[in-house]
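The structure under discussion appears below in the form of C-alpha coordinates.
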Amino acid sequence: MTHVLVAGGGIGGLATALSLAARGHRVTVLERRPAFAELGAGIQLGPNAFHALDRLGVGRAVRDRAVFIDELSFMDATSGERIARMPLTGAYRERFGNPYAVVHRGDLYQPLLDACRAADGVTLRAGHAVIRYEQTADEVTALTDTGQRFTGDVLIGADGIRSAVRRQLIADGDPRVSGHTIYRSVIPMEKVPAELRWNSVTLWAGPKWHFVHYAIGGGEFLNLAATRDNGAREALVGLPVDRDHVLGAFPELGDVARRLLELGEEWKTWVLCDRDPVAGWTDGRVALMGDAAHPMLQYAAQGACMALEDAVVLGEALDPGGPEVVRRLERYNEQRRDRTAKTQLVAQEMGRKLYHVAGEEAAARNRMLAGYSADDLYDTVAWLHGSRDFTDGPAAGPELAEGGVR
(Lines give C-alpha, C1' and ligand atoms only; values in the text may rest on other atoms or scores of the structure.)
Protein backbone atom coordinates (compact mmCIF):
# COMPACT_ATOMS: atom_id res chain seq x y z
CA MET A 1 0.00 0.00 0.00
CA THR A 2 1.38 3.39 -1.03
CA HIS A 3 1.18 6.20 1.54
CA VAL A 4 0.53 9.52 -0.21
CA LEU A 5 0.91 12.89 1.50
CA VAL A 6 -1.24 15.69 0.06
CA ALA A 7 -0.23 19.27 0.84
CA GLY A 8 -3.43 21.30 0.78
CA GLY A 9 -7.00 20.46 1.68
CA GLY A 10 -8.86 22.53 -0.89
CA ILE A 11 -10.98 21.22 -3.76
CA GLY A 12 -7.98 19.75 -5.59
CA GLY A 13 -6.41 18.21 -2.50
CA LEU A 14 -9.60 16.49 -1.36
CA ALA A 15 -10.37 15.27 -4.89
CA THR A 16 -6.86 13.81 -5.05
CA ALA A 17 -7.33 12.07 -1.71
CA LEU A 18 -10.59 10.50 -2.91
CA SER A 19 -9.08 9.36 -6.19
CA LEU A 20 -6.12 7.72 -4.46
CA ALA A 21 -8.08 6.17 -1.59
CA ALA A 22 -10.44 4.53 -4.08
CA ARG A 23 -7.43 2.64 -5.43
CA GLY A 24 -6.35 1.36 -2.04
CA HIS A 25 -3.71 3.95 -1.17
CA ARG A 26 -3.37 5.46 2.28
CA VAL A 27 -3.65 9.26 2.13
CA THR A 28 -2.79 11.98 4.66
CA VAL A 29 -4.07 15.46 3.77
CA LEU A 30 -2.19 18.33 5.43
CA GLU A 31 -4.19 21.58 5.46
CA ARG A 32 -2.68 24.87 6.61
CA ARG A 33 -5.95 26.36 7.91
CA PRO A 34 -7.25 25.39 11.38
CA ALA A 35 -10.26 23.62 9.88
CA PHE A 36 -11.26 22.07 6.58
CA ALA A 37 -13.56 24.62 4.95
CA GLU A 38 -13.95 26.39 1.62
CA LEU A 39 -14.38 30.14 1.30
CA GLY A 40 -15.40 32.09 -1.78
CA ALA A 41 -18.47 32.53 -3.92
CA GLY A 42 -19.68 31.02 -7.19
CA ILE A 43 -17.95 28.55 -9.43
CA GLN A 44 -18.84 27.17 -12.87
CA LEU A 45 -18.67 23.47 -13.68
CA GLY A 46 -18.57 22.23 -17.26
CA PRO A 47 -19.51 18.69 -18.32
CA ASN A 48 -15.85 17.68 -17.99
CA ALA A 49 -16.02 18.55 -14.27
CA PHE A 50 -19.06 16.30 -13.84
CA HIS A 51 -17.30 13.48 -15.69
CA ALA A 52 -14.53 13.80 -13.09
CA LEU A 53 -16.90 14.13 -10.14
CA ASP A 54 -18.76 10.99 -11.22
CA ARG A 55 -15.51 9.06 -11.32
CA LEU A 56 -14.67 10.38 -7.87
CA GLY A 57 -18.02 9.15 -6.57
CA VAL A 58 -19.50 12.54 -5.63
CA GLY A 59 -21.28 13.57 -8.84
CA ARG A 60 -24.77 12.99 -7.47
CA ALA A 61 -24.07 14.93 -4.27
CA VAL A 62 -22.78 17.94 -6.21
CA ARG A 63 -25.72 17.78 -8.64
CA ASP A 64 -28.10 17.95 -5.66
CA ARG A 65 -26.62 21.35 -4.76
CA ALA A 66 -26.08 22.74 -8.27
CA VAL A 67 -28.04 25.13 -10.47
CA PHE A 68 -28.29 23.78 -14.01
CA ILE A 69 -27.92 26.62 -16.48
CA ASP A 70 -29.95 27.01 -19.67
CA GLU A 71 -27.44 29.14 -21.57
CA LEU A 72 -24.27 31.20 -21.61
CA SER A 73 -25.07 34.75 -22.74
CA PHE A 74 -22.48 37.22 -24.05
CA MET A 75 -23.67 40.84 -23.85
CA ASP A 76 -22.24 44.15 -25.00
CA ALA A 77 -22.27 45.96 -21.67
CA THR A 78 -22.39 49.49 -23.01
CA SER A 79 -25.16 49.00 -25.59
CA GLY A 80 -27.04 46.28 -23.69
CA GLU A 81 -27.19 44.17 -26.86
CA ARG A 82 -26.94 40.40 -26.64
CA ILE A 83 -24.13 39.37 -28.99
CA ALA A 84 -24.18 35.60 -28.68
CA ARG A 85 -25.75 32.78 -26.72
CA MET A 86 -24.77 29.16 -26.28
CA PRO A 87 -27.71 26.94 -25.26
CA LEU A 88 -26.74 24.43 -22.58
CA THR A 89 -29.70 22.07 -22.63
CA GLY A 90 -30.83 19.57 -25.28
CA ALA A 91 -28.14 19.18 -27.94
CA TYR A 92 -25.37 20.46 -25.63
CA ARG A 93 -26.03 17.87 -22.92
CA GLU A 94 -26.52 15.14 -25.47
CA ARG A 95 -23.22 15.94 -27.16
CA PHE A 96 -21.11 16.33 -24.02
CA GLY A 97 -22.86 13.80 -21.79
CA ASN A 98 -23.37 16.03 -18.75
CA PRO A 99 -24.86 19.41 -17.86
CA TYR A 100 -23.24 22.80 -17.33
CA ALA A 101 -23.91 24.02 -13.80
CA VAL A 102 -22.98 26.64 -11.25
CA VAL A 103 -22.50 26.13 -7.52
CA HIS A 104 -21.28 27.93 -4.47
CA ARG A 105 -17.72 26.79 -3.84
CA GLY A 106 -18.86 25.31 -0.54
CA ASP A 107 -21.44 23.20 -2.37
CA LEU A 108 -18.63 21.59 -4.36
CA TYR A 109 -16.28 21.35 -1.41
CA GLN A 110 -18.64 19.80 1.15
CA PRO A 111 -19.42 16.61 -0.82
CA LEU A 112 -15.68 16.09 -1.35
CA LEU A 113 -15.03 16.63 2.36
CA ASP A 114 -17.87 14.32 3.42
CA ALA A 115 -16.59 11.60 1.08
CA CYS A 116 -13.03 11.95 2.42
CA ARG A 117 -14.28 11.67 6.00
CA ALA A 118 -16.16 8.52 5.09
CA ALA A 119 -13.34 6.95 3.07
CA ASP A 120 -11.13 4.23 4.46
CA GLY A 121 -7.52 5.27 4.33
CA VAL A 122 -7.94 9.08 4.31
CA THR A 123 -6.59 11.04 7.28
CA LEU A 124 -7.35 14.78 7.44
CA ARG A 125 -4.92 16.91 9.44
CA ALA A 126 -5.79 20.61 9.77
CA GLY A 127 -3.39 23.25 11.07
CA HIS A 128 -0.34 21.87 9.24
CA ALA A 129 1.08 24.07 6.48
CA VAL A 130 3.70 22.24 4.42
CA ILE A 131 6.70 24.55 4.07
CA ARG A 132 9.22 22.26 2.34
CA TYR A 133 10.05 18.65 1.65
CA GLU A 134 12.98 16.23 1.81
CA GLN A 135 13.28 12.96 -0.06
CA THR A 136 15.45 9.91 -0.48
CA ALA A 137 15.30 7.16 -3.07
CA ASP A 138 12.69 5.37 -0.93
CA GLU A 139 10.51 8.02 0.75
CA VAL A 140 9.56 11.68 0.99
CA THR A 141 9.03 13.81 4.09
CA ALA A 142 6.83 16.92 4.34
CA LEU A 143 7.94 19.45 6.92
CA THR A 144 5.25 21.73 8.34
CA ASP A 145 5.15 25.09 10.09
CA THR A 146 4.30 23.26 13.31
CA GLY A 147 7.71 21.62 13.27
CA GLN A 148 6.24 18.20 12.59
CA ARG A 149 7.44 15.82 9.89
CA PHE A 150 5.20 13.52 7.88
CA THR A 151 6.81 10.76 5.85
CA GLY A 152 5.28 8.78 3.00
CA ASP A 153 5.96 7.32 -0.41
CA VAL A 154 4.65 10.28 -2.44
CA LEU A 155 3.97 13.98 -1.84
CA ILE A 156 1.37 15.80 -3.94
CA GLY A 157 1.51 19.60 -3.86
CA ALA A 158 -2.13 20.71 -3.96
CA ASP A 159 -1.37 23.87 -2.01
CA GLY A 160 -2.61 26.46 -4.47
CA ILE A 161 -1.23 29.32 -6.49
CA ARG A 162 1.31 30.28 -3.81
CA SER A 163 2.39 26.68 -3.30
CA ALA A 164 5.36 26.09 -1.00
CA VAL A 165 5.89 22.74 -2.71
CA ARG A 166 6.14 24.48 -6.10
CA ARG A 167 8.49 27.09 -4.68
CA GLN A 168 10.96 24.33 -3.88
CA LEU A 169 10.23 22.12 -6.90
CA ILE A 170 10.26 24.74 -9.69
CA ALA A 171 11.68 27.80 -7.89
CA ASP A 172 9.95 30.28 -10.19
CA GLY A 173 9.04 32.86 -7.56
CA ASP A 174 5.70 34.49 -6.91
CA PRO A 175 2.78 34.20 -9.34
CA ARG A 176 2.27 36.97 -11.87
CA VAL A 177 -0.09 39.77 -10.86
CA SER A 178 -2.43 40.19 -13.82
CA GLY A 179 -3.46 43.78 -13.19
CA HIS A 180 -7.11 42.70 -13.13
CA THR A 181 -9.16 43.49 -10.03
CA ILE A 182 -12.30 41.49 -9.33
CA TYR A 183 -15.13 42.49 -7.00
CA ARG A 184 -17.47 39.78 -5.70
CA SER A 185 -20.78 39.83 -3.88
CA VAL A 186 -23.42 37.19 -3.10
CA ILE A 187 -26.97 38.36 -2.38
CA PRO A 188 -30.25 36.60 -1.56
CA MET A 189 -32.31 35.96 -4.68
CA GLU A 190 -35.35 37.40 -2.94
CA LYS A 191 -33.73 40.83 -3.33
CA VAL A 192 -33.50 40.42 -7.11
CA PRO A 193 -36.46 41.71 -9.16
CA ALA A 194 -38.28 38.84 -10.86
CA GLU A 195 -37.51 40.16 -14.35
CA LEU A 196 -33.76 39.93 -13.63
CA ARG A 197 -33.76 36.33 -12.37
CA TRP A 198 -32.28 34.66 -15.43
CA ASN A 199 -31.24 31.01 -15.56
CA SER A 200 -28.04 31.78 -17.40
CA VAL A 201 -24.45 32.69 -16.86
CA THR A 202 -24.53 36.21 -18.26
CA LEU A 203 -21.38 38.11 -19.15
CA TRP A 204 -21.46 41.84 -19.92
CA ALA A 205 -18.27 42.83 -21.76
CA GLY A 206 -17.05 46.43 -21.68
CA PRO A 207 -13.88 48.40 -22.42
CA LYS A 208 -11.21 46.92 -20.10
CA TRP A 209 -13.81 45.35 -17.83
CA HIS A 210 -16.60 42.79 -17.64
CA PHE A 211 -19.41 41.78 -15.29
CA VAL A 212 -20.76 38.24 -14.72
CA HIS A 213 -23.77 37.05 -12.73
CA TYR A 214 -25.57 33.77 -12.11
CA ALA A 215 -27.63 31.95 -9.48
CA ILE A 216 -25.99 29.69 -6.90
CA GLY A 217 -27.01 27.89 -3.71
CA GLY A 218 -29.79 25.95 -5.39
CA GLY A 219 -31.11 29.21 -6.80
CA GLU A 220 -31.36 30.96 -3.42
CA PHE A 221 -28.54 33.44 -4.10
CA LEU A 222 -27.21 35.56 -6.94
CA ASN A 223 -23.46 35.60 -7.49
CA LEU A 224 -22.05 38.89 -8.82
CA ALA A 225 -18.48 39.25 -10.10
CA ALA A 226 -17.21 42.42 -11.77
CA THR A 227 -13.65 42.64 -13.10
CA ARG A 228 -11.66 45.72 -14.09
CA ASP A 229 -8.36 45.72 -15.98
CA ASN A 230 -6.97 48.59 -13.91
CA GLY A 231 -3.28 47.74 -13.84
CA ALA A 232 -3.30 46.72 -10.16
CA ARG A 233 0.12 45.51 -9.06
CA GLU A 234 -0.55 44.28 -5.50
CA ALA A 235 -2.02 40.79 -5.03
CA LEU A 236 -5.05 41.43 -2.82
CA VAL A 237 -7.05 38.49 -1.51
CA GLY A 238 -10.64 38.87 -0.30
CA LEU A 239 -10.46 42.37 1.19
CA PRO A 240 -13.71 44.22 1.99
CA VAL A 241 -14.41 47.15 -0.31
CA ASP A 242 -17.01 49.93 -0.20
CA ARG A 243 -20.08 49.55 -2.37
CA ASP A 244 -19.64 53.08 -3.75
CA HIS A 245 -16.12 52.21 -4.89
CA VAL A 246 -17.43 49.20 -6.84
CA LEU A 247 -20.24 51.16 -8.47
CA GLY A 248 -17.82 53.94 -9.39
CA ALA A 249 -15.44 51.50 -11.07
CA PHE A 250 -17.93 50.65 -13.83
CA PRO A 251 -19.45 53.95 -15.02
CA GLU A 252 -20.04 52.69 -18.58
CA LEU A 253 -22.50 49.96 -17.58
CA GLY A 254 -25.83 50.02 -19.37
CA ASP A 255 -29.14 50.24 -17.51
CA VAL A 256 -29.93 46.54 -16.96
CA ALA A 257 -26.41 45.59 -15.92
CA ARG A 258 -26.25 48.67 -13.68
CA ARG A 259 -29.43 47.56 -11.89
CA LEU A 260 -27.85 44.20 -11.18
CA LEU A 261 -24.55 45.66 -9.99
CA GLU A 262 -26.38 48.01 -7.64
CA LEU A 263 -27.92 45.02 -5.87
CA GLY A 264 -24.51 43.97 -4.54
CA GLU A 265 -23.73 44.16 -0.83
CA GLU A 266 -20.68 43.42 1.33
CA TRP A 267 -18.34 43.44 -1.63
CA LYS A 268 -14.89 41.88 -1.43
CA THR A 269 -12.00 42.35 -3.82
CA TRP A 270 -9.16 40.25 -5.22
CA VAL A 271 -6.38 41.03 -7.69
CA LEU A 272 -6.11 38.08 -10.07
CA CYS A 273 -2.83 36.20 -10.48
CA ASP A 274 -1.66 33.40 -12.76
CA ARG A 275 1.44 31.87 -14.30
CA ASP A 276 2.53 30.81 -17.75
CA PRO A 277 2.59 27.06 -18.40
CA VAL A 278 5.64 25.04 -17.41
CA ALA A 279 6.56 21.60 -18.73
CA GLY A 280 7.67 19.83 -15.55
CA TRP A 281 5.71 19.40 -12.31
CA THR A 282 7.58 16.50 -10.74
CA ASP A 283 10.69 15.98 -8.65
CA GLY A 284 11.24 12.32 -7.88
CA ARG A 285 8.48 11.33 -5.50
CA VAL A 286 6.89 14.81 -5.53
CA ALA A 287 4.33 16.16 -8.00
CA LEU A 288 2.08 19.21 -8.31
CA MET A 289 -1.60 19.42 -9.23
CA GLY A 290 -4.30 22.06 -9.63
CA ASP A 291 -3.33 25.69 -9.09
CA ALA A 292 0.07 24.64 -7.77
CA ALA A 293 0.84 23.18 -11.21
CA HIS A 294 -1.11 25.34 -13.66
CA PRO A 295 -2.83 28.39 -12.11
CA MET A 296 -5.05 30.18 -14.60
CA LEU A 297 -7.17 33.27 -14.89
CA GLN A 298 -10.93 32.88 -14.49
CA TYR A 299 -11.87 33.65 -18.08
CA ALA A 300 -12.27 30.06 -19.29
CA ALA A 301 -14.12 29.09 -16.07
CA GLN A 302 -11.96 25.97 -15.82
CA GLY A 303 -9.68 26.32 -12.81
CA ALA A 304 -11.57 23.95 -10.53
CA CYS A 305 -12.49 21.71 -13.46
CA MET A 306 -8.81 21.21 -14.29
CA ALA A 307 -8.02 20.34 -10.66
CA LEU A 308 -10.77 17.70 -10.64
CA GLU A 309 -9.41 16.25 -13.88
CA ASP A 310 -5.89 16.20 -12.41
CA ALA A 311 -7.14 14.23 -9.42
CA VAL A 312 -8.70 11.54 -11.61
CA VAL A 313 -5.64 11.17 -13.85
CA LEU A 314 -3.30 11.17 -10.86
CA GLY A 315 -5.24 8.37 -9.19
CA GLU A 316 -5.15 6.32 -12.36
CA ALA A 317 -1.43 6.99 -12.85
CA LEU A 318 -0.59 5.75 -9.34
CA ASP A 319 -2.72 2.63 -9.63
CA PRO A 320 -1.41 0.32 -8.26
CA GLY A 321 1.61 2.27 -6.98
CA GLY A 322 4.66 0.27 -6.06
CA PRO A 323 8.32 0.66 -7.00
CA GLU A 324 7.64 2.54 -10.26
CA VAL A 325 6.06 5.50 -8.47
CA VAL A 326 8.54 8.06 -9.82
CA ARG A 327 7.84 7.06 -13.41
CA ARG A 328 4.12 7.00 -12.74
CA LEU A 329 4.23 10.60 -11.52
CA GLU A 330 6.16 11.59 -14.61
CA ARG A 331 3.53 9.89 -16.74
CA TYR A 332 0.76 11.86 -15.00
CA ASN A 333 2.69 15.07 -15.77
CA GLU A 334 3.04 14.08 -19.42
CA GLN A 335 -0.65 13.22 -19.72
CA ARG A 336 -1.86 16.50 -18.25
CA ARG A 337 0.75 19.02 -19.43
CA ASP A 338 -0.58 19.93 -22.88
CA ARG A 339 -4.24 20.09 -21.95
CA THR A 340 -3.73 22.31 -18.91
CA ALA A 341 -1.23 24.54 -20.72
CA LYS A 342 -3.73 25.10 -23.51
CA THR A 343 -6.41 26.00 -20.97
CA GLN A 344 -4.11 28.50 -19.23
CA LEU A 345 -3.33 30.20 -22.54
CA VAL A 346 -6.97 30.18 -23.63
CA ALA A 347 -7.95 31.92 -20.38
CA GLN A 348 -5.34 34.63 -20.95
CA GLU A 349 -6.43 35.16 -24.55
CA MET A 350 -10.11 35.35 -23.66
CA GLY A 351 -9.39 38.17 -21.24
CA ARG A 352 -7.33 40.07 -23.80
CA LYS A 353 -9.29 39.40 -26.99
CA LEU A 354 -12.91 38.85 -25.95
CA TYR A 355 -13.80 40.31 -22.58
CA HIS A 356 -11.99 43.64 -22.36
CA VAL A 357 -11.61 45.07 -25.86
CA ALA A 358 -12.95 48.50 -26.87
CA GLY A 359 -13.82 50.52 -29.97
CA GLU A 360 -13.35 48.85 -33.34
CA GLU A 361 -11.88 45.74 -31.68
CA ALA A 362 -15.10 45.33 -29.72
CA ALA A 363 -17.18 45.84 -32.85
CA ALA A 364 -15.13 43.20 -34.68
CA ARG A 365 -15.54 40.81 -31.76
CA ASN A 366 -19.30 41.37 -31.80
CA ARG A 367 -19.52 40.66 -35.52
CA MET A 368 -17.46 37.50 -35.14
CA LEU A 369 -19.44 36.06 -32.24
CA ALA A 370 -22.78 37.00 -33.77
CA GLY A 371 -21.86 34.90 -36.80
CA TYR A 372 -21.51 31.68 -34.83
CA SER A 373 -24.33 29.16 -34.68
CA ALA A 374 -24.90 27.03 -31.59
CA ASP A 375 -23.15 24.13 -33.32
CA ASP A 376 -20.16 26.37 -34.10
CA LEU A 377 -19.90 27.28 -30.43
CA TYR A 378 -20.17 23.63 -29.41
CA ASP A 379 -17.34 22.80 -31.81
CA THR A 380 -15.31 25.59 -30.23
CA VAL A 381 -15.56 24.19 -26.69
CA ALA A 382 -15.67 20.48 -27.56
CA TRP A 383 -12.00 19.83 -26.75
CA LEU A 384 -12.56 21.30 -23.29
CA HIS A 385 -16.14 20.52 -22.21
CA GLY A 386 -16.35 17.21 -24.02
CA SER A 387 -13.23 15.55 -22.65
CA ARG A 388 -13.72 12.25 -20.85
CA ASP A 389 -10.18 10.96 -20.39
CA PHE A 390 -8.68 14.40 -19.52
CA THR A 391 -5.48 13.78 -21.44
CA ASP A 392 -6.59 15.12 -24.81
CA GLY A 393 -5.50 18.43 -26.26
CA PRO A 394 -7.54 20.85 -28.37
CA ALA A 395 -9.24 19.82 -31.56
CA ALA A 396 -9.94 22.04 -34.52
CA GLY A 397 -12.87 24.43 -34.27
CA PRO A 398 -13.86 28.01 -35.07
CA GLU A 399 -11.29 30.51 -33.83
CA LEU A 400 -12.48 32.79 -31.04
CA ALA A 401 -9.29 34.80 -30.94
CA GLU A 402 -5.92 35.01 -32.53
CA GLY A 403 -3.24 32.76 -31.14
CA GLY A 404 -5.08 29.47 -30.93
CA VAL A 405 -8.06 30.20 -28.70
CA ARG A 406 -10.47 27.53 -29.86
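The values are calculated or read from the model by the stated rules, or taken from the named source; none is laboratory data. Since this is a predicted model, take the numbers as computed values, not measurements. Ideal geometry is used to build each Cβ from the backbone, glycine not excepted, and the neighbour counts take in all protein chains shown. Just the protein is used for accessible areas: all its heavy atoms, side chains included, with ligands, DNA and RNA removed. Shrake-Rupley method; radii C 1.70, N 1.55, O 1.52, S 1.80 Å.
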Of all residues making up region 129-143, the number that are open to solvent by 70 Å² or more (accessible area, probe 1.4 Å) and among the hydroxyl-bearing types (Ser, Thr, Tyr): 1
Selection status of Met296, under 29 Å from Arg26 (Cβ atoms), at pLDDT 95 or above, surrounded by 19 or more Cβ atoms within 10 Å (Cβ to Cβ) and under 15 Å from the mean Cα position of the chain (by Cα): no
Among the candidates Arg93, Arg105, residue that is at pLDDT 95 or above and of a type in the set (D, E, K, R): Arg93
Flag if Ala158 is at pLDDT 95 or above and farther than 20 Å from Tyr332 by Cα: no
Every pair of residues 6+ apart whose Cβ atoms lie under 8 Å, when the first sits in region 145-159 and is β-branched (Val, Ile, Thr) while the second is open to solvent by 40 Å² or more (accessible area, probe 1.4 Å): Thr151/Glu139
Answer residue from region 362-378, given it is more than 19 Å from Gly80 (Cβ to Cβ) and not hydrophobic (A, V, I, L, M, F, W, C) and is nearest to the chain's Cα centre (by Cα) among those: Tyr378
Filter result (open to solvent by 10 Å² or more (accessible area, probe 1.4 Å) and out of contact with any helix residue (DSSP H, G or I) (no Cβ under 8 Å at 6 or more places or on another chain)) within region 1-16: Met1, His3
Test: Thr146 is assigned to a loop (DSSP other than H, G, I, E, B) and either at pLDDT 95 or above or surrounded by fewer than 14 Cβ atoms within 10 Å (Cβ to Cβ) (or both): yes
Test: residue in region 269-289 that is among the hydrophobic types (A, V, I, L, M, F, W, C), open to solvent by 10 Å² or more (accessible area, probe 1.4 Å), over 30 Å from Asp242 (Cβ atoms) and in contact with a Ser or Thr (Cβ under 9 Å, 6 or more places away or on another chain): no
Breaking point among (1) over 25 Å from Ala226 (Cα atoms); (2) outside any helix (DSSP H, G or I), for Met296: (1)
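Within region 5-17, does at least one residue satisfy the condition of being part of a helix (DSSP H, G or I) and modelled with pLDDT under 95?
No; the residues of region 5-17 include none that is part of a helix (DSSP H, G or I) and modelled with pLDDT under 95.
Quick grid of which residues meet (1) open to solvent by less than 40 Å² (accessible area, probe 1.4 Å); (2) not hydroxyl-bearing (Ser, Thr, Tyr); (3) not in a helix (DSSP H, G or I):
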{"site": "Asp319", "(1), (2), (3)": "no, yes, yes"}
{"site": "Arg328", "(1), (2), (3)": "no, yes, no"}
{"site": "Arg336", "(1), (2), (3)": "yes, yes, no"}
{"site": "Leu354", "(1), (2), (3)": "yes, yes, no"}
All positions within region 324-369 that are in contact (Cβ under 8 Å) with a residue 24 or more places away in the chain and acidic (Asp, Glu): Glu330, Asp338, Glu349
In region 90-146, residue farthest from Asp64 (Cα to Cα) [restricted to those that are among the basic types (Lys, Arg) and touching a helix residue (DSSP H, G or I) at 6+ places or on another chain (Cβ under 9 Å)]: Arg132
Of all residues making up region 363-380, the number that are in contact with a strand residue (DSSP E or B) (Cβ under 7 Å, 6 or more places away or on another chain), open to solvent by less than 60 Å² (accessible area, probe 1.4 Å) and not polar (S, T, N, Q): 4
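Confirm whether Asp310 is modelled with pLDDT of 95 or more, among the charged types (D, E, K, R), surrounded by fewer than 21 Cβ atoms within 10 Å (Cβ to Cβ) and closer than 19 Å to Gly386 by Cβ.
When the stated conditions are applied, Asp310 does not pass them.
Condition first: over 18 Å from the mean Cα position of the chain (by Cα), over 19 Å from Ala101 (Cβ atoms) and crowded, with 23+ Cβ neighbours inside 10 Å. Can you find one or more residues in region 30-46 that meet it?
yes
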Qualifying residues in region 48-89 (those that are open to solvent by 20 Å² or more (accessible area, probe 1.4 Å) and of a type in the set (Phe, Trp, Tyr)) - the one nearest to Asp379 (Cα to Cα): Phe74
Single condition Leu272 does not satisfy, out of (1) in a loop (DSSP other than H, G, I, E, B); (2) over 17 Å from Phe74 (Cα atoms); (3) of a type outside the set (Gly, Ala, Ser): (1)
